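The values are calculated or read from the model by the stated rules, or taken from the named source; none is laboratory data. Bear in mind that the values here come from a model prediction, so they are computed numbers and not experimental data. For neighbour counting, all protein chains shown are included, and Cβ atoms are generated from backbone atoms with ideal geometry for every residue, glycine included.
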């Protein structure tokens, strides 16, 4: 970089001609100071010198000036249109894009904003119309309006996110985590209670597990406890609650899931979520198992299952949602069991609600299915028939043997066991069942009627 042509000289008393003056100024470069905050650099160029700018006014030294890319943006991003911008550095301080600045086709491989504000203004302020931001990490800044096309996943921790046209891909729609029937737990909100219809139930200490609300069982040690479906906390219609008693050492509440409903979870991550409250204890333990053989978990005394994972939730007396991720092993193709337990519930209450197990590593909102759908799912395992009146047409006298078919409301999981109540009319009652029908065998009365107060078909796991 030259300033004056020092090759032209004048002797004392020499005549100054136009040609000689031209020789002096022929290599003179004149600069206009359009960029502010330049700093004269030292003789050594360091790694911090990101950009060198030609000398403006550094005297006879002829030293160049230096300026950072960040300071350059202070002067250049205030007004203008940038059709191509390729930025690979990190912007660590406040950046302001004026209302008329637009980046149309630029690529920013990584944008880290520690304290930036990208707001909504008039015109085309801060709009990326067709650019690509491969990584956007805003730690303390505020984005008041983000409208973009997403190629991957995204997380919104505050505010409201709107998924527009083209964002939900076919692959995501095929993922159970994003569609209906996400929840593998049946009756997780405790609405169906065919056995007790909301009445209190006693669990006997150290006895076999006893089913309570549909698809859930309970057990206890040390002393008997009571459990009951109760009114839920808004917006939940129901919840399940155990009441503690002196000498109780443990209470368990669990559910068993068929292999056909969980086989796709094998070798992946699943998320367990639940609402819990306890007026006495502060720890609830969760444990996940898989059956040794398909749908065969054994008994409390002789379990046939393998533990997948276990953990604890620290709870309070206020119902709140807790979640945990479970790495389901590839061998877990035989059905999954989820059990919640507490220790010495010697008084107070333990409340459970909204149990959910879903694919993926994110706990989504509890899936509340239509009541008719949830009931049908429960009836695969347990059905109750009340006040059956099976009339034999044309019979005026007692029949020696009467066989009447009953078609189940939905196919049972397997051939069920049947338990009868009181015979209201007729005698000699027995049952013969398959997974889809049941035959009631008995003797009709003189009017050709075989009447039963209750019949239960049970095919629980």
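Applying the criterion of being in contact (Cβ under 8 Å) with a residue 60 or more places away in the chain and outside any loop (DSSP other than H, G, I, E, B) to the residues of the stretch 358-378, the residue that is farthest from residue 457 (Cα to Cα) is 359.
Condition first: surrounded by fewer than 19 Cβ atoms within 10 Å (Cβ to Cβ) and more than 22 Å from residue 377 (Cβ to Cβ). Now tell me which residues in the stretch 415-430 satisfy that. Residues satisfying the conditions are 420, 421, 422, 423, 424, 425, 427, 428, 429, 430. Restricting 384, 355, 419 to those that are out of contact with any helix residue (DSSP H, G or I) (no Cβ under 6 Å at 6 or more places or on another chain), more than 23 Å from residue 182 (Cβ to Cβ), in a strand (DSSP E or B) and at pLDDT 80 or above reduces the list to 384.
As for the stretch 389-401, it holds no residue that is modelled with pLDDT of 75 or more and part of a loop (DSSP other than H, G, I, E, B).
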